[in-house]
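Everything on this sheet refers to the single structure shown next.
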(Lines give C-alpha, C1' and ligand atoms only; values in the text may rest on other atoms or scores of the structure.)
Protein backbone atom coordinates (compact mmCIF):
# COMPACT_ATOMS: atom_id res chain seq x y z
CA UNK A 1 0.00 0.00 0.00
CA UNK A 2 1.23 3.43 -0.81
CA UNK A 3 1.30 5.88 2.09
CA UNK A 4 1.15 9.59 1.30
CA UNK A 5 0.07 12.70 3.10
CA UNK A 6 -2.97 14.49 1.67
CA UNK A 7 -0.99 17.67 0.93
CA UNK A 8 2.06 15.94 -0.55
CA UNK A 9 2.42 16.13 -4.36
CA UNK A 10 2.81 12.91 -6.33
CA UNK A 11 5.89 12.54 -8.54
CA UNK A 12 6.01 10.62 -11.80
CA UNK A 13 8.63 9.78 -14.43
CA UNK A 14 8.25 10.08 -18.19
CA UNK A 15 9.28 7.36 -20.62
CA UNK A 16 12.73 7.86 -22.20
CA UNK A 17 12.81 9.99 -25.37
CA UNK A 18 15.64 11.22 -27.62
CA UNK A 19 17.61 13.98 -25.91
CA UNK A 20 17.22 17.37 -27.63
CA UNK A 21 20.64 18.56 -26.42
CA UNK A 22 23.12 15.67 -26.67
CA UNK A 23 23.01 13.42 -29.71
CA UNK A 24 22.58 9.72 -29.06
CA UNK A 25 21.28 10.09 -25.51
CA UNK A 26 17.83 9.63 -24.02
CA UNK A 27 16.10 12.03 -21.67
CA UNK A 28 13.66 11.26 -18.88
CA UNK A 29 11.84 13.75 -16.65
CA UNK A 30 10.65 13.65 -13.07
CA UNK A 31 7.47 15.70 -12.78
CA UNK A 32 4.55 16.65 -10.58
CA UNK A 33 1.29 18.53 -11.06
CA UNK A 34 1.10 22.19 -10.11
CA UNK A 35 -2.33 23.31 -8.98
CA UNK A 36 -4.37 24.46 -6.01
CA UNK A 37 -3.96 27.25 -3.52
CA UNK A 38 -0.39 26.19 -2.66
CA UNK A 39 0.84 26.25 -6.27
CA UNK A 40 3.00 29.34 -5.78
CA UNK A 41 4.72 27.90 -2.70
CA UNK A 42 5.45 24.63 -4.51
CA UNK A 43 6.76 26.47 -7.58
CA UNK A 44 9.05 28.56 -5.39
CA UNK A 45 10.35 25.57 -3.42
CA UNK A 46 10.99 23.28 -6.39
CA UNK A 47 12.49 26.03 -8.57
CA UNK A 48 15.18 26.35 -5.90
CA UNK A 49 15.84 22.61 -6.39
CA UNK A 50 16.36 22.63 -10.13
CA UNK A 51 12.76 22.21 -11.31
CA UNK A 52 11.15 24.14 -14.16
CA UNK A 53 7.53 24.96 -14.92
CA UNK A 54 5.62 24.05 -18.09
CA UNK A 55 1.97 25.05 -17.84
CA UNK A 56 0.55 23.11 -14.86
CA UNK A 57 3.56 20.84 -14.44
CA UNK A 58 6.88 21.14 -12.63
CA UNK A 59 9.66 18.95 -14.01
CA UNK A 60 13.36 18.18 -13.64
CA UNK A 61 15.61 15.96 -15.80
CA UNK A 62 16.06 12.56 -14.25
CA UNK A 63 17.85 10.53 -16.89
CA UNK A 64 18.93 6.95 -16.25
CA UNK A 65 22.63 7.41 -17.06
CA UNK A 66 23.23 11.14 -17.41
CA UNK A 67 23.19 14.25 -15.22
CA UNK A 68 24.35 16.75 -17.83
CA UNK A 69 21.32 19.08 -17.57
CA UNK A 70 21.85 21.54 -14.74
CA UNK A 71 19.54 24.36 -13.76
CA UNK A 72 21.22 27.76 -14.07
CA UNK A 73 20.60 31.13 -12.47
CA UNK A 74 22.34 34.51 -12.29
CA UNK A 75 23.09 36.30 -9.03
CA UNK A 76 21.73 39.72 -9.86
CA UNK A 77 23.76 41.69 -7.28
CA UNK A 78 27.06 40.21 -8.53
CA UNK A 79 26.38 40.40 -12.25
CA UNK A 80 28.65 42.62 -14.35
CA UNK A 81 28.05 42.81 -18.10
CA UNK A 82 30.97 42.00 -20.36
CA UNK A 83 32.22 44.44 -22.96
CA UNK A 84 30.23 42.61 -25.63
CA UNK A 85 27.08 42.70 -23.49
CA UNK A 86 27.47 46.44 -22.85
CA UNK A 87 27.66 46.99 -26.60
CA UNK A 88 24.55 44.89 -27.02
CA UNK A 89 22.65 46.99 -24.47
CA UNK A 90 23.53 50.16 -26.37
CA UNK A 91 22.75 48.56 -29.73
CA UNK A 92 19.24 47.64 -28.60
CA UNK A 93 18.45 50.89 -26.81
CA UNK A 94 15.49 51.44 -29.16
CA UNK A 95 13.69 48.36 -27.85
CA UNK A 96 10.78 48.98 -25.47
CA UNK A 97 9.71 46.52 -22.80
CA UNK A 98 5.99 45.91 -22.30
CA UNK A 99 4.86 43.72 -19.40
CA UNK A 100 1.42 42.17 -19.84
CA UNK A 101 -0.70 39.48 -18.24
CA UNK A 102 -0.27 35.86 -19.32
CA UNK A 103 -2.52 36.20 -22.34
CA UNK A 104 -1.62 34.96 -25.83
CA UNK A 105 -2.17 36.97 -29.02
CA UNK A 106 -2.14 36.13 -32.72
CA UNK A 107 0.81 38.49 -33.17
CA UNK A 108 2.82 36.54 -30.60
CA UNK A 109 1.92 33.26 -32.27
CA UNK A 110 3.04 34.53 -35.69
CA UNK A 111 6.41 35.47 -34.20
CA UNK A 112 6.58 32.12 -32.39
CA UNK A 113 5.98 30.22 -35.67
CA UNK A 114 8.60 32.31 -37.48
CA UNK A 115 11.08 31.58 -34.68
CA UNK A 116 10.42 27.83 -34.68
CA UNK A 117 10.59 27.55 -38.47
CA UNK A 118 14.04 29.13 -38.49
CA UNK A 119 15.56 27.89 -35.23
CA UNK A 120 13.80 24.67 -34.15
CA UNK A 121 12.04 23.27 -37.20
CA UNK A 122 12.68 19.70 -36.03
CA UNK A 123 12.05 20.30 -32.32
CA UNK A 124 9.27 19.06 -30.09
CA UNK A 125 7.22 22.26 -30.55
CA UNK A 126 7.42 22.33 -34.35
CA UNK A 127 3.79 21.24 -34.80
CA UNK A 128 2.30 23.43 -32.07
CA UNK A 129 -0.88 25.17 -33.23
CA UNK A 130 -2.32 28.43 -31.94
CA UNK A 131 -4.49 26.68 -29.34
CA UNK A 132 -1.53 24.79 -27.90
CA UNK A 133 0.47 28.01 -27.93
CA UNK A 134 -2.30 29.77 -26.01
CA UNK A 135 -2.29 26.95 -23.46
CA UNK A 136 1.49 27.28 -23.02
CA UNK A 137 1.10 30.98 -22.25
CA UNK A 138 -2.16 31.11 -20.36
CA UNK A 139 -2.33 27.88 -18.35
CA UNK A 140 -0.42 29.02 -15.29
CA UNK A 141 -1.51 28.69 -11.65
CA UNK A 142 1.24 31.07 -10.47
CA UNK A 143 2.17 34.71 -10.96
CA UNK A 144 3.31 34.95 -14.57
CA UNK A 145 3.90 37.78 -17.01
CA UNK A 146 4.39 38.03 -20.75
CA UNK A 147 7.26 40.42 -21.45
CA UNK A 148 7.17 41.84 -24.99
CA UNK A 149 10.01 43.74 -26.65
CA UNK A 150 9.02 46.17 -29.37
CA UNK A 151 10.98 48.51 -31.58
CA UNK A 152 12.06 49.28 -35.13
CA UNK A 153 12.38 46.46 -37.63
CA UNK A 154 16.03 47.37 -38.18
CA UNK A 155 18.01 46.54 -35.03
CA UNK A 156 21.56 45.61 -34.19
CA UNK A 157 23.82 46.49 -37.10
CA UNK A 158 21.32 48.92 -38.59
CA UNK A 159 20.75 46.75 -41.65
CA UNK A 160 17.12 46.15 -42.41
CA UNK A 161 16.37 42.41 -42.91
CA UNK A 162 14.22 41.22 -45.73
CA UNK A 163 10.59 41.51 -44.63
CA UNK A 164 8.18 38.59 -44.98
CA UNK A 165 5.71 38.89 -47.82
CA UNK A 166 2.77 39.42 -45.47
CA UNK A 167 4.49 42.02 -43.30
CA UNK A 168 3.38 45.62 -42.89
CA UNK A 169 4.93 48.25 -45.18
CA UNK A 170 8.26 49.68 -44.08
CA UNK A 171 8.25 53.00 -42.30
CA UNK A 172 5.66 54.63 -40.11
CA UNK A 173 4.32 53.50 -36.76
CA UNK A 174 4.06 49.80 -37.73
CA UNK A 175 7.79 49.60 -38.45
CA UNK A 176 8.60 51.28 -35.11
CA UNK A 177 6.28 48.97 -33.16
CA UNK A 178 7.60 45.68 -34.49
CA UNK A 179 7.24 42.78 -32.04
CA UNK A 180 10.86 41.64 -31.81
CA UNK A 181 10.84 39.25 -28.85
CA UNK A 182 8.61 37.69 -26.20
CA UNK A 183 9.37 36.00 -22.88
CA UNK A 184 6.96 34.13 -20.62
CA UNK A 185 8.25 34.89 -17.13
CA UNK A 186 7.31 33.56 -13.70
CA UNK A 187 7.69 35.85 -10.70
CA UNK A 188 9.15 33.76 -7.88
CA UNK A 189 9.71 34.85 -4.31
CA UNK A 190 13.47 34.99 -4.96
CA UNK A 191 13.70 35.90 -8.63
CA UNK A 192 12.41 35.87 -12.17
CA UNK A 193 12.21 32.58 -14.04
CA UNK A 194 12.40 32.67 -17.83
CA UNK A 195 9.90 29.92 -18.69
CA UNK A 196 10.13 30.28 -22.48
CA UNK A 197 11.34 32.97 -24.85
CA UNK A 198 11.32 33.46 -28.61
CA UNK A 199 12.31 36.25 -30.96
CA UNK A 200 12.55 37.43 -34.55
CA UNK A 201 15.28 35.30 -36.18
CA UNK A 202 15.75 37.90 -38.91
CA UNK A 203 17.27 40.30 -36.35
CA UNK A 204 20.43 38.26 -35.87
CA UNK A 205 22.70 41.19 -35.08
CA UNK A 206 20.45 42.23 -32.19
CA UNK A 207 21.24 39.01 -30.24
CA UNK A 208 17.72 39.11 -28.83
CA UNK A 209 18.11 35.97 -26.72
CA UNK A 210 20.92 37.61 -24.76
CA UNK A 211 19.04 40.93 -24.69
CA UNK A 212 16.08 39.25 -22.97
CA UNK A 213 18.37 37.91 -20.23
CA UNK A 214 20.15 41.24 -19.76
CA UNK A 215 16.85 43.07 -19.49
CA UNK A 216 15.47 40.54 -16.99
CA UNK A 217 18.56 41.08 -14.84
CA UNK A 218 17.74 44.79 -14.69
CA UNK A 219 14.06 44.04 -14.12
CA UNK A 220 14.93 41.75 -11.19
CA UNK A 221 17.37 44.32 -9.81
CA UNK A 222 14.71 47.03 -9.83
CA UNK A 223 12.27 44.69 -8.06
CA UNK A 224 14.81 43.69 -5.40
CA UNK A 225 14.87 40.05 -6.53
CA UNK A 226 18.22 38.25 -6.12
CA UNK A 227 18.13 35.77 -9.03
CA UNK A 228 17.24 35.30 -12.67
CA UNK A 229 16.56 31.65 -13.49
CA UNK A 230 17.60 30.70 -17.02
CA UNK A 231 16.44 27.12 -17.35
CA UNK A 232 19.00 24.40 -18.02
CA UNK A 233 22.63 24.61 -19.02
CA UNK A 234 24.16 21.54 -20.66
CA UNK A 235 27.94 21.22 -21.07
CA UNK A 236 28.76 20.03 -24.55
CA UNK A 237 25.56 21.43 -26.06
CA UNK A 238 26.14 24.27 -28.53
CA UNK A 239 22.55 25.41 -27.96
CA UNK A 240 23.44 26.22 -24.34
CA UNK A 241 26.87 27.81 -24.75
CA UNK A 242 25.54 31.37 -24.54
CA UNK A 243 24.37 30.97 -20.94
CA UNK A 244 27.91 30.40 -19.70
CA UNK A 245 28.89 33.84 -21.06
CA UNK A 246 26.99 35.60 -18.27
CA UNK A 247 28.91 36.46 -15.13
CA UNK A 248 27.73 35.47 -11.63
CA UNK A 249 26.23 32.29 -13.06
CA UNK A 250 25.35 29.45 -10.70
CA UNK A 251 24.39 25.88 -11.55
CA UNK A 252 22.42 23.36 -9.51
CA UNK A 253 24.75 20.39 -9.29
CA UNK A 254 24.90 17.59 -6.75
CA UNK A 255 21.89 18.99 -4.92
CA UNK A 256 23.41 22.44 -4.27
CA UNK A 257 23.81 25.74 -6.09
CA UNK A 258 27.44 26.52 -6.91
CA UNK A 259 29.42 28.92 -9.08
CA UNK A 260 29.85 27.55 -12.55
CA UNK A 261 33.57 28.38 -12.58
CA UNK A 262 35.27 27.24 -15.78
CA UNK A 263 32.55 25.68 -18.00
CA UNK A 264 35.17 23.35 -19.44
CA UNK A 265 35.50 21.66 -16.05
CA UNK A 266 31.96 20.29 -16.23
CA UNK A 267 31.92 17.06 -18.15
CA UNK A 268 28.67 15.78 -19.65
CA UNK A 269 29.86 12.18 -19.32
CA UNK A 270 28.43 10.34 -16.33
CA UNK A 271 28.92 6.78 -15.14
CA UNK A 272 25.53 5.00 -14.89
CA UNK A 273 26.18 3.90 -11.32
CA UNK A 274 26.59 7.52 -10.20
CA UNK A 275 22.94 8.35 -10.94
CA UNK A 276 20.72 7.89 -7.89
CA UNK A 277 17.51 5.85 -8.17
CA UNK A 278 14.29 7.82 -8.62
CA UNK A 279 12.99 6.91 -5.16
CA UNK A 280 16.11 8.41 -3.56
CA UNK A 281 15.86 11.55 -5.68
CA UNK A 282 12.24 12.05 -4.64
CA UNK A 283 13.04 11.40 -0.97
CA UNK A 284 15.53 14.29 -0.97
CA UNK A 285 13.09 16.84 -2.40
CA UNK A 286 12.26 19.48 0.16
CA UNK A 287 8.58 20.41 0.06
CA UNK A 288 6.97 23.56 1.47
CA UNK A 289 5.46 22.96 4.88
CA UNK A 290 1.73 23.64 5.34
CA UNK A 291 0.94 26.51 7.64
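Results, tabulated for the structure shown:
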| item | result |
| --- | --- |
| Pick from segment 123-151, criterion assigned to a loop (DSSP other than H, G, I, E, B) and modelled with pLDDT of 95 or more, ranking: nearest to residue 185 (Cα to Cα) | 143 |
| Meets criteria (at pLDDT below 95, surrounded by 14 or more Cβ atoms within 10 Å (Cβ to Cβ) and assigned to a loop (DSSP other than H, G, I, E, B)) for residue 261 | no |
| Elements of type strands (runs of 3 or more DSSP E) contained in segment 46-88, each with 2 or more residues being surrounded by fewer than 16 Cβ atoms within 10 Å (Cβ to Cβ) | none |
| Residue in segment 209-223 that is in contact (Cβ under 8 Å) with a residue 60 or more places away in the chain and surrounded by fewer than 17 Cβ atoms within 10 Å (Cβ to Cβ) present | yes |
| Condition check for residue 117: assigned to a helix (DSSP H, G or I) and modelled with pLDDT under 95 | yes |
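Let's see how each residue does on (1) under 30 Å from residue 154 (Cα atoms); (2) modelled with pLDDT of 95 or more; (3) not in a helix (DSSP H, G or I):
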residue: 210; (1), (2), (3): yes, yes, no
residue: 213; (1), (2), (3): yes, yes, no
residue: 216; (1), (2), (3): yes, yes, no
residue: 220; (1), (2), (3): yes, yes, no
residue: 228; (1), (2), (3): yes, yes, yes
residue: 240; (1), (2), (3): yes, no, no
residue: 251; (1), (2), (3): no, yes, yes
residue: 257; (1), (2), (3): no, yes, yes
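The values are calculated or read from the model by the stated rules, or taken from the named source; none is laboratory data. Owing to the predicted nature of the structure, the values given are computational and were not obtained by experimental measurement. When we count neighbours, we look across all protein chains shown, and the Cβ atoms used for this are built from the backbone with ideal geometry, even at glycine.
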